[in-house]
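Worksheet for the structure shown next.
The values are calculated or read from the model by the stated rules, or taken from the named source; none is laboratory data. Because the structure is a prediction, the values reported are computed rather than measured. Heads up, the Cβs are rebuilt from the backbone with ideal geometry, glycines too, and the neighbour counts pull from every protein chain shown. When the accessible area is computed, the model is the full protein with side chains, heavy atoms only, and any ligands, DNA or RNA have been set aside. Shrake-Rupley method; radii C 1.70, N 1.55, O 1.52, S 1.80 Å.
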Amino acid sequence: RPDLFAHPAEVAATLGDLRQAGKIREVGVSNFTVPQIEALAAHLDFPLVSLQPQYSAAHLDPLRDGRLDLAMRDDLRPLAWSPLGGGSLVTGEGVRPELVETLDRLAEREGVDRPTVALAFVLAHPSRPVAIMGTQRPERIDAAMRALSITLDRNDCYDLIEASEGVPLP
């Protein structure tokens, strides 16, 4: 996470010292803005390898704020946290009904459940995100693996974006 009261050069120096001491091998950032990522990267003697944004069909900010574009430009791997919207994409609570309907329509077409389609949406982005899921139940991990067998095309993804945002894309 960013330290809003530390100069990026100071953070970079500390990370460089940890790397040189063999305590870390790689560095990624979590919840950084694009300018924060670029500021830290400018002071590092080695490249960042990942960024960790909140990203799901219910939380599309990384699509719009440049973080996924930056990931593709700089070959950073996005580690998408909360890919099921904190469970809201499973329950349907707190998200637009149109999004739930679109997820359910795609789930029926693919013969899977709503969370599987929600994960497939995250994985569909060309920046090649990794969906970070927290669970202590092996059956949930097995279920999540089904998302790897689903291919959502651009129309599917844009249908989900429109349903999530509630406005048609131009």
Charge dipole (debye, nearest 20) of the chain; +1 at Cβ of Lys and Arg, -1 at Cβ of Asp and Glu: 440
Farthest positive-ward along region 113-170 dipole, Cα basis, beta-carbon charges - from Pro168, Leu119, Asn155: Leu119
Charge dipole of region 1-112 about the Cα centre (unit charges at C-beta), most positive-ward option of Gly22, His59, Val34: Gly22
Accessible area of region 1-148 belonging to carbon and sulfur atoms, whole % at 1.4 Å probe: 51
The chain: antiparallel DSSP beta bridges as a percent of all, rounded to 5: 10
Separation of alpha-carbon centers, region 127-159 and region 72-115, rounded to whole Å: 8
Angstrom value of the Kirkwood radius, inverse mean 1/r, which spans all Cα pairs in the chain: 17.2
Rounded accessible area of Ile24 (nearest 10 Å², 1.4 Å probe): 50
